[in-house]
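What follows is one structure encoded as structure tokens, with my remarks underneath.
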């Protein structure tokens, strides 16, 4: 395991930009290039926005876990909200996009590896990995 940073974020929209800045600083310190850092910032913003917009009870917080490993940055965003049925998730129709529903698609497009663990009634964890370009 590499260097780890774990923190809890109030489930309010105004803190999403704070998480972006923290993760951006970590990626920069780990030697990621500007393009990769931008991808990471957008993916983390989408993950945090999903938490805030989809069932985050008032007053609750969610966890952001970051690990800088050998040539990679692993980020997990975990909530204790209601969870979701990932079997029902469908990729959005990009020819006829609607508001909402693009977050997971964007995350999967920008990050090298994405795993989503969700349990109804318990919460959701989005784990993202970005490898540092050689």
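Filter region 51-75 for residues that are within 13 Å of residue 125 (Cβ to Cβ), at pLDDT 90 or above and either in a helix (DSSP H, G or I) or touching a helix residue (DSSP H, G or I) at 6+ places or on another chain (Cβ under 9 Å) (or both) and give the result. Within region 51-75, 62, 64, 75 qualify.
Scanning region 35-50 for residues that are surrounded by fewer than 18 Cβ atoms within 10 Å (Cβ to Cβ) and either modelled with pLDDT under 95 or in contact with a helix residue (DSSP H, G or I) (Cβ under 9 Å, 6 or more places away or on another chain) (or both) yields a count of 3. Residues in region 21-34 that are more than 20 Å from residue 104 (Cα to Cα) and either touching a strand residue (DSSP E or B) at 6+ places or on another chain (Cβ under 6 Å) or surrounded by fewer than 22 Cβ atoms within 10 Å (Cβ to Cβ) (or both): 21, 22, 25, 26, 27, 28, 29, 30, 31, 33, 34.
The values are calculated or read from the model by the stated rules, or taken from the named source; none is laboratory data. These numbers come from a predicted model, not from an experiment. In this analysis, Cβ positions are derived from the backbone assuming ideal geometry, glycine residues included, and neighbour counts consider all displayed protein chains.
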